[in-house]
Amino acid sequence: MTPAEVLIRLRAAVVELIKLDEESRGAIDLTAAIETLQRAIRELETPRSMP
């Protein structure tokens with residue numbers, strides 16, 4: 001799996017988690033999971049300098 005494919009899957013997971021979070025109306029707090037995935041996406045999108 002390429003990094004681009006990983007990003008696509010992570011973004012899709014975030015969208016689904018947001019939907020579940022909204023549908024649960026607070027019964028299930030998915031905020032931490034959503035934030036963790038968004039942080040992972042930002043890290044993958046940030047170009048790394050090669051040593």
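The values are calculated or read from the model by the stated rules, or taken from the named source; none is laboratory data. Not measured: the values here are computed from a predicted model. Virtual Cβ from ideal backbone geometry, glycine too; neighbours counted across all protein chains shown. SASA here: full protein model, heavy atoms, side chains in, ligands and nucleic acids out. Shrake-Rupley method; radii C 1.70, N 1.55, O 1.52, S 1.80 Å.
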Kindly provide the set of residues from region 1-17 that are open to solvent by 90 Å² or more (accessible area, probe 1.4 Å) and of a type in the set (A, V, I, L, M), ordered by number. MET1, ILE8
Could you list, in sequence order, the residues of region 18-51 that are of a type in the set (D, E, K, R) and either more than 23 Å from ALA4 (Cα to Cα) or surrounded by 11 or more Cβ atoms within 10 Å (Cβ to Cβ) (or both)? LYS19, ASP21, GLU22, GLU23, ARG25, ASP29, GLU35
Looking at region 4-28, I want the residues that are under 20 Å from ALA40 (Cα atoms) and modelled with pLDDT of 90 or more and have a partner that is of a type in the set (A, V, I, L, M) and surrounded by fewer than 11 Cβ atoms within 10 Å (Cβ to Cβ) with Cβ atoms under 9 Å, at least 6 apart or on another chain. Which pairs are those? ARG9/MET1
